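Written below as structure tokens is the structure these notes are about.
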Amino acid sequence: MVKENKEYEFLVEKVQELKKARNALILAHNYQIGEVQDVADYVGDSFELSRIAAKTDAEVLVFCGVKFMAESAKILSPNKKVLLPVKDAGCPLADMANVEKIKEMRKKYPGAAVVAYVNSSAAVKAESDICCTSSNAVKVVNSLKEDTVIFLPDKNLGSYVARHTNKKIILWDGYCPVHNSITIEDVKKAKNEHPDAEFLIHPECQNEVLEMCDYVGSTAGILKYAKESHSKSFVVGTEKGIIHRLKKENPDKKFYPLQENFICPDMKKITLKDVVRALEKMEYEVEINGETRKKAYNALERMLKLSK
Ligand code: 13P
Ligand code: SF4
């Protein structure tokens with residue numbers, strides 16, 4: 001135990017030292033392991049982290065999350081070095097969309113706008129009109145002049161948007177394997193175990209599950225709701241990593257995962273050792289070709305402008 005603590009302290013010191021030497025900023029998503037969240041300069045949801053990436057002065061961004069998030073940071077800050085500490089930290093949902101299919105859909109629905117959830121590749125963003133995250137999807141869709149919207153790649157977030165807009169939403173057949181696997185039975189079981197708790201859930205879950213919960217929102221939305229609520233216990237319907245921050249920010253409240261296995265394996269790939277190695281060796285650098293970057297930038301910047 002003592003040995004483990006010593007190693008942990010050594011790694012934390014190393015990160016601080018290297019961060020200074022490299023003029024680097026560490027960004028971590030709310031699902032990252034606790035040790036990584038604790039050394040980060042900012043911990044947030046996809047939207048907050050893109051906003052920070054767009055305006056920081058740091059020369060290097062170490063993105064502790066998954067590939068599409070690091071790509072968004074590079075698209076918004078092309079002159080900075082953006083590092084993803086583990087090369088194959090990906091997002092299966094993002095892999096469910098591709099450029100060819102968007103072109104096909106555009107032909108099938110001429111005049112429709114294409115909205116890409118940020119959980120998508122740079123190439124897919126480049127083919128889209130505007131991006132959104134789970135915290136602004138409804139706002140983004142309602143801001144468009146088009147009455148029909150092709151929403152990709154998450155069908156659950158798309159259905160959630162469809163229930164909050166008058167526009168016609170064409171859904172894409174994509175889903176997050178982690179959130180989509182949550183069932184009505186899982187919620188019933190958690191309700192039995194925690195009858196006094198409020199239920200907070202991410203919109204990547206299926207509608208039948210969302211309907212049973214008290215609050216639906218992005219990871220930042222869930223954190224805000226829990227802080228402001230007078231309730232003392234919460235069941236959390238999103239990736240378990242968020243519980244670290246929920247507990248840290250609300251020491252007097254209790255948080256339970258909706259499902260013990262509510263884990264995104266890709267979000268768990270980066271360790272503190274990987275952060276040290278990334279800063280030491282300056283790896284793995286995210287690169288996006290110029291034309292794709294410019295087009296993807298327009299889609300992301302159009303989203304960011306809506307919130308300015
Ligand atoms: P947030 O934008 O809510 O942080 O969610 C990102 C994500 O990958 C959800 O699975
Ligand atoms: Fe992708 Fe789902 Fe993991 Fe989020 S939780 S990064 S959507 S696989």
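Key figures
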quantity	calculated
Gain in span if fully extended, Glu301 to Lys87, counting 0.36 nm per residue against the direct Cα distance	74.5 nm
Of Lys188/Lys247; Lys6/Lys247; Lys74/Lys188; Lys87/Lys232; Lys87/Lys240, pairs whose Cα-Cα distance is over 31 Å	Lys74/Lys188; Lys87/Lys232
Ranked list, fewest to most other Cβ atoms within 10 Å of each Cβ, for Cys64, Cys131, Cys176	Cys176, Cys131, Cys64
Phi-based couplings in Hz for region 267-272 (Karplus 6.51, -1.76, 1.60; Gly and Pro marked x)	6, 9, 6, 8, 10, 4
Long-range amide H partners of Phe199 with built H, under 5 Å	Asp214, Tyr215, Val235
Value of [θ]222 nm, deg cm²/dmol, for the chain, DSSP H segments ≥ 4, -39500 (n - 2.57) each, nearest 500	-13000 deg cm²/dmol
For the chain, built as a Gaussian network whose Cα springs stay under 10 Å, the top-fluctuating residue of Lys189, Lys80, Lys67	Lys189
The chain - share of DSSP beta bridges that are antiparallel (%, nearest 5)	5
Directionally averaged projected area (convex hull, Cα atoms, region 203-308), nm²	10.2
Restraint check, Lys67/Lys103; Lys224/Lys305; Lys67/Lys268; Lys55/Lys125, Cα-Cα greater than 18 Å	Lys67/Lys103; Lys224/Lys305; Lys55/Lys125
Candidates Ser134, Ser181, Ser159, ranked by Gaussian network fluctuation over the chain, Cα under 10 Å, top entry	Ser181
Extreme residue, positive dipole direction of region 1-135, given options Ile102, Cys91, Asn79 (C-beta unit charges)	Ile102
Most fluctuating residue given options Val36, Val12, Val149, as computed from a GNM of the chain linking Cα atoms under 10 Å	Val12
Scattering profile of the chain at q = 0.09 Å⁻¹ [log10 I(q)/I(0), Debye over alpha-carbon scatterers]	-0.45
Cα gyration tensor shape for region 35-126, rounded if a/c is under 1.5, else prolate or oblate	prolate
Computed Kirkwood radius, in angstrom, where 1/r is averaged over Cα pairs of region 143-221	13.6
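Read-outs: derived from the displayed coordinates by stated rules, not from any lab. Because the structure is predicted, anything quoted here is derived from the model rather than measured. When we count neighbours, we look across all protein chains shown, and the Cβ atoms used for this are built from the backbone with ideal geometry, even at glycine.
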